[in-house]
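Only one structure is covered here, and it is reproduced in the block below.
The values are calculated or read from the model by the stated rules, or taken from the named source; none is laboratory data. The structure presented is a predicted model; accordingly, all values stated were derived computationally and were not measured. All Cβ positions, glycine included, derive from the backbone under ideal geometry; neighbour counts span all protein chains shown.
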Amino acid sequence: MPERSGSATIGSKLPRLDSPAKAQGQAVYVADLQPQDALAAALLRSPHPFARIVSIDIGDAKQMPGVRAIAYSGNTPAKSLDFGIKDQLLFPRDLVRYAGEPVAAIAAETEDQARAAATAVKVAYEPLAPVLSIEEALAPGAPLVHPDWQSYEKGANRVTDRNICGLNRIRRGDVTAALARADAVVESSFIFSAGAPGYLEPRAAIALREPDGGLTVWCGSQSPYGNRDDLADFFGLDPQRVRFINQFVGGGFGGKILMAAEWYAAALALQCDRPVRLVFSRHEDGLNLFPRHGGKATFRSGASKEGRLLGMEAAFFFDTGAYVGYGAGTALIATMLASAPYRIPAVDLSATLVYTNKQVAGSVRAPGGPQATFAKELHIDELALALGMDPLEFRLRNAWQDGDRSPTGQLLEGVRVKETLEEAARAIGWEARRAPGRGVGIACSWWFSACGRSEARVEVRDDGSVHVHSGNPEVGTGSAAGALPLIVADRLGIDPTAIVLTLGDTATQTYDGGVGGSASTFSAGQAVKAAAEDVRRQLLERAEEALEARRDDIELREGRAQVRGAADHGIPIGELAAQAGTPIAGRGVTEEISDPEFDASLVQSHDFASWLAPSFVTSAAEVEVDASTGRVVVHKIATAQDVGFAVNPAGVVGQIEGGAVQALGYGLCEELQFGPAGIINTGFHDYLLPTIIDAPKVEAIMVESPSGAGPFGMKGVGEPPVTTPAAAIGNAIRNAAGAVPYTVPMTPERVWRAVKDRRDSRI
Amino acid sequence: MVEPQSSLLSVLRDHLKLTGTKEGCSTGYCGACTVLVDGEPVNACLFFAVDADHRSVTTIEGLSPERGELHPLQSAFIESGGLQCGFCTPGMIMSALGLLLAHPAPDEAAVREALAGNLCRCTGYQSIVAGVLEAAPKVRGADAAPARKRARSRA
């Protein structure tokens, strides 16, 4: 058990510190900031998915009423943005590569004037035949999305070949021989639709050029420090003079890691001396989206009649859109998930990343997770059914155990696959008899804890207030506003509501890698813990003198340092700061944790081949299927997740419940659609997020197996619970109706067709 | 001056600077801009400001007018974990209040029905339902004694 102290302790449920402000409508998001002298910005976007830019003429637009600045390829740096492959310019020069790609930005006195001026920018296009699918991209003689692909600078491990911009592979053993030995072999092919992050707050930014040549950007980002560095580098500014001030963020889900509105507001602000405010409409946000990758996969696996998995082949193809952006992670993670968490002696797992003329796919919450888990877990059920085995029993028989090795040779410790399977199965009532039309399904997986650099400062002031600075922004997950203050309160023996939090403001000089990879509490929590422990040590030192007592006899409790067992013999910690004549402050930084070892001979072009503090997760679902219409009602999702140690169980439960319903949307109703003129459904009326009516009962079960690497033994929490539920729903549909579509989302039409095809094939 | 085509949402946010009411889609599908007009929930983005003339408009800012004192619905959302990023929260709370004013003792199905026009991407909704059901009896109590409460706060 971790050491506990003081008034609020880690492991107790803390309502997030930002909740009163949010419940009262007082939390400020970027679009709530309305500087009086702000200019309004608008973007001109390409109407074509693929076209040559013949010319751009801003002459007329400049003369339009109220126009103060225009930014486009002609007056911004011709530098490429660097996301591993230097394939993207801020504003396109020769080619536009997706419908909706910003070509120019205009700042004017009013939004109407800016929009009017945008239509007056004359762009002559020569439309080209677009590449709109993976099949088209890989066809012989396909048009090249990047005709200059061979000249792009790129990082190590980046494979490029015409419309391919990523390829990684994990190989172990002889799969052909293994499958030849198998008593049952099944092959399954899957299609994944692209999806939206689905945050409710459209993206927005305000930028202001400062008199000293610096720039201030008010943003709602998952990664203000990373964004600052990218922006300063691009425009050739001193990063120390570029300040990003993060506001509350109305949901990110991976969609707000890379900049969008920030780029254009900044490009315009550098041309004027007034704040430039750019607020996307919902439609524009859709055009500027970083979607979850669509794609496809084929799996072929075999097992012995005793139900032992012998070999597996899996090949993924992901549609990454017009530029590589943060797409590589999806393909890397997919191969790591493809055969997990099962003991399979021979595997051959690959993932290919493909350019198309679509929006740039990104790292939506658990990139690659829902896709790979859907395919793998429906495939595993198909194999279990071919063997005549219960899918739960089949999984338990093949699940990883302590001391096993991952497909890349990583030694696995603290494996909790079996526990999560058993807990989820129990919660759903796996053995229960069900009415016709009802069914259950189960799906399991694993995930990682990412540790990024994070810095924190904790300070006790003479009025007793405790100030915490962390670069980690609060985007809704509750890491920064829940777990971090709880850690400080625990270390200092104070009431967490006494803490004043400053998050994601680069002026505090507390660098943080941002919200992504389930890293927030894991990384920022370490930094905050170290800073708080530094302050704790100083407080105890001062209390020793002030109380004339031995340090071992002093405890920090309820905002005071006091002698254990003698509550009246103590001193408020603010008083200790007053006696010091200066705030008692501590800094903390994440320690470098090296990734676990793996066998490099088993991987090709893979730079994410071993996972730190891995966690294990299982979801089980109960559904009801109306075979005559294909309508699926999900009655319950139970997710059992190995969280290492739940620093703030209230936050963990929130992540698991929310993840389940996001995954339900992924599985049943969310699908970005693309036509010849680009993305079709940018709104909430045609891109369907689950509503409160669709949401089932969710049972969140925490399995705790301390990691040894994370603060207090915790593991990353945010992403795993969105990986497994769609697969569990798919398996439940097959259990209920005898068939399931191998395409997500499993819309009523697809379910109806799958059931009908199965019936037809039996006649 | 309010333009005839101005939405209630733009008047609240841009003219009156009451930014607690959020703009999520401006097409009436997300519910983030829900406010009460004469006690009934409406999407402020689709409601002409001029139609609110001489009518009572309640926004999230009007729910806990006395500093530090939370409305029972606000307390319940905080306690139940019914908010994460917080962007849907003002609209969600106003929809819930509209329901409780019309149906002081709703069951779970009625809560879900009433909030079907309010999207939340973070919570999975379960904690929101719990929060509204938890708040219902307290909202009934608060309504029964508004005069007493006002008198007390003046004292």
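Cβ-Cβ distance below 6 Å, separation of 6 or more or different chains: which pairs start in the stretch A:346-361 with a residue that is aromatic (Phe, Trp, Tyr) and end on one that is part of a strand (DSSP E or B)?
Every condition considered, the pairs that remain are A:Tyr355/A:Cys165.
Looking at A:Asp212, is it at pLDDT below 95 and surrounded by fewer than 22 Cβ atoms within 10 Å (Cβ to Cβ)?
The answer is yes for A:Asp212.
Looking only at residues in the stretch A:264-301 that are under 19 Å from the mean Cα position of the chain (by Cα) and among the charged types (D, E, K, R), which one is surrounded by the fewest Cβ atoms within 10 Å (Cβ to Cβ)?
So, considering only residues that are under 19 Å from the mean Cα position of the chain (by Cα) and among the charged types (D, E, K, R), the one surrounded by the fewest Cβ atoms within 10 Å (Cβ to Cβ) is A:Asp285.
Restricting attention to the stretch A:22-58, report how many residues are of a type in the set (A, V, I, L, M) and without any contact (Cβ under 8 Å) to a residue 12 or more places away in the chain.
Count: 1.
Anything in the stretch B:1-58 that is within 20 Å of B:Ala116 (Cβ to Cβ), within 11 Å of another protein chain (Cβ to nearest Cβ) and of a type in the set (A, V, I, L, M)? List them, or say none.
Passing the criteria: B:Ala32, B:Val35.
Across the stretch A:436-456, which residue is surrounded by the most Cβ atoms within 10 Å (Cβ to Cβ) among those that are closer than 30 Å to A:Arg734 by Cα and not hydrophobic (A, V, I, L, M, F, W, C)?
Across the stretch A:436-456, the extreme among qualifying residues is A:Gly441.
Taking the stretch A:289-325, which residues are out of contact with any Phe, Trp or Tyr (no Cβ under 6 Å at 6 or more places or on another chain), closer than 18 Å to A:Arg158 by Cα and part of a loop (DSSP other than H, G, I, E, B)?
Selection gives A:Tyr323 alone.
Mind listing whichever residues of the stretch A:30-77 are touching a Lys or Arg at 6+ places or on another chain (Cβ under 8 Å), of a type outside the set (Val, Ile, Thr), surrounded by 20 or more Cβ atoms within 10 Å (Cβ to Cβ) and in a strand (DSSP E or B)?
A:Leu39, A:Ala40, A:Ala41, A:Ala42, A:Arg68
Looking only at the stretch A:561-590, which residues are among the charged types (D, E, K, R) and modelled with pLDDT under 95?
Of everything in the stretch A:561-590, those that are among the charged types (D, E, K, R) and modelled with pLDDT under 95 turn out to be A:Arg564, A:Asp568.
Looking at (1) under 30 Å from A:Val347 (Cβ atoms); (2) out of contact with any strand residue (DSSP E or B) (no Cβ under 6 Å at 6 or more places or on another chain), find the lone condition where A:Glu591 falls short.
Every listed condition holds for A:Glu591 apart from (1).
Looking at the stretch A:540-550, can you tell me whether even one residue there is touching a residue at least 24 places away in the same chain (Cβ under 8 Å) and acidic (Asp, Glu)?
Scanning the stretch A:540-550, I find no residue that is touching a residue at least 24 places away in the same chain (Cβ under 8 Å) and acidic (Asp, Glu), so the answer is no.
Can you confirm whether A:Asp319 is on the phi < 0 side of the Ramachandran plot, in contact with a Gly (Cβ under 6 Å, 6 or more places away or on another chain) and among the acidic types (Asp, Glu)?
Here the answer is yes, as A:Asp319 does meet what is asked.
Looking at the stretch A:410-422, I want the residues that are surrounded by 20 or more Cβ atoms within 10 Å (Cβ to Cβ) and have a partner that is in a helix (DSSP H, G or I) with Cβ atoms under 7 Å, at least 6 apart or on another chain. Which pairs are those?
If the second residue must be in a helix (DSSP H, G or I), the pairs left are A:Leu421/A:Leu392; A:Leu421/A:Arg395; A:Leu421/A:Leu396.
A quick yes/no check of all residues on (1) away from chain B (no Cβ under 13 Å); (2) within 15 Å of A:Thr420 (Cα to Cα); (3) without any contact (Cβ under 8 Å) to a residue 60 or more places away in the chain:
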{"site": "A:Leu612", "(1), (2), (3)": "yes, no, no"}
{"site": "A:Ser615", "(1), (2), (3)": "yes, yes, no"}
{"site": "A:Val634", "(1), (2), (3)": "no, no, no"}
{"site": "A:Ala640", "(1), (2), (3)": "yes, yes, no"}
{"site": "A:Gln662", "(1), (2), (3)": "no, no, no"}
{"site": "A:Gly683", "(1), (2), (3)": "no, no, no"}
{"site": "A:Pro690", "(1), (2), (3)": "no, no, yes"}
{"site": "A:Glu699", "(1), (2), (3)": "no, yes, no"}
{"site": "A:Ser707", "(1), (2), (3)": "yes, no, no"}
